[in-house]
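Report on the structure given below.
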Amino acid sequence: MVKHRQGWVALFLLGALTLGVALPAAGASEEKKIDAIVEALIDAFRRGDYAAMRQYYAPDCTVVSADYKPPVVGWENVERRYRAQHATLIGAEMLRENTRVMRRGNVAWVSYQWRFAGLSDTGTLGVEGHTTLVLEKQRGRWLIRHNHTSAVAVAVAPPVATPQQSRPAAPPAS
């Protein structure tokens, strides 16, 4: 059970993060475009849409999560890990707040706090944390080169019993 919880934490810390959001008009600032990319990434994460997520990551990206495992290198490895951990996800919601986008030329970094609430086959999970993304503009597109996520708090509750599971046992026959 502890390993499974660590897997969940790793999923949401891997990149906690996650298409349905249109990019701002051409006249919008680069910072607004980057913020829209982060929102689209979080939305794709919520849906488990790896094809959408892939378009925001550089093929040779690195991802550091709070599960004390070595950094994951390359989108294929990142996607593999997301898929394995998403497999037991029943529902999830993620709120991003206190976002700061900074840019210097073709390099940008985004720092934000997030709150995650999810339901899995092992119970409910609540996680809060921080993420910093480092992006690089390549051929006119902003791509995530590095994702570093850490958890601040983790709360896990056991699954809620269904009415059938919570019925008292029948008395023994006499």
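Before moving on, here are some points about what is shown:
Each row is one residue, and each column tells you yes or no for (1) more than 15 Å from Val110 (Cα to Cα); (2) of a type in the set (Phe, Trp, Tyr); (3) buried (at least 16 other Cβ atoms within 10 Å of the Cβ); (4) modelled with pLDDT of 95 or more.
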site	(1), (2), (3), (4)
Val2	yes, no, no, no
Trp8	yes, yes, yes, no
Thr18	no, no, yes, no
Ser29	no, no, no, no
Asp35	no, no, yes, yes
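- Conditions (1) at pLDDT below 85; (2) within 14 Å of the chain's Cα centre (by Cα); (3) β-branched (Val, Ile, Thr); number of the one not met by Thr132: (1)
- Yes/no for Thr62 being over 11 Å from the mean Cα position of the chain (by Cα), of a type in the set (Ser, Thr, Tyr) and either within 18 Å of Arg145 (Cβ to Cβ) or at pLDDT 95 or above (or both): yes
- Some residue of the stretch 153-170 being at pLDDT 85 or above, in contact with a helix residue (DSSP H, G or I) (Cβ under 9 Å, 6 or more places away or on another chain) and crowded, with 17+ Cβ neighbours inside 10 Å: no
- One residue stands out in the stretch 98-145 among those that are of a type outside the set (Ser, Thr, Tyr), closer than 14 Å to Thr62 by Cα and out of contact with any Leu (no Cβ under 7 Å at 6 or more places or on another chain): the one that is surrounded by the fewest Cβ atoms within 10 Å (Cβ to Cβ), namely Val134.
- Failed criterion for Val78 (all others in (1) at pLDDT below 90; (2) under 23 Å from Leu119 (Cα atoms); (3) surrounded by 12 or more Cβ atoms within 10 Å (Cβ to Cβ) hold): (1)
The values are calculated or read from the model by the stated rules, or taken from the named source; none is laboratory data. Bear in mind that the values here come from a model prediction, so they are computed numbers and not experimental data. Cβ coordinates were reconstructed from backbone atoms using ideal geometry, including for glycine residues, and neighbour counts include every protein chain displayed.
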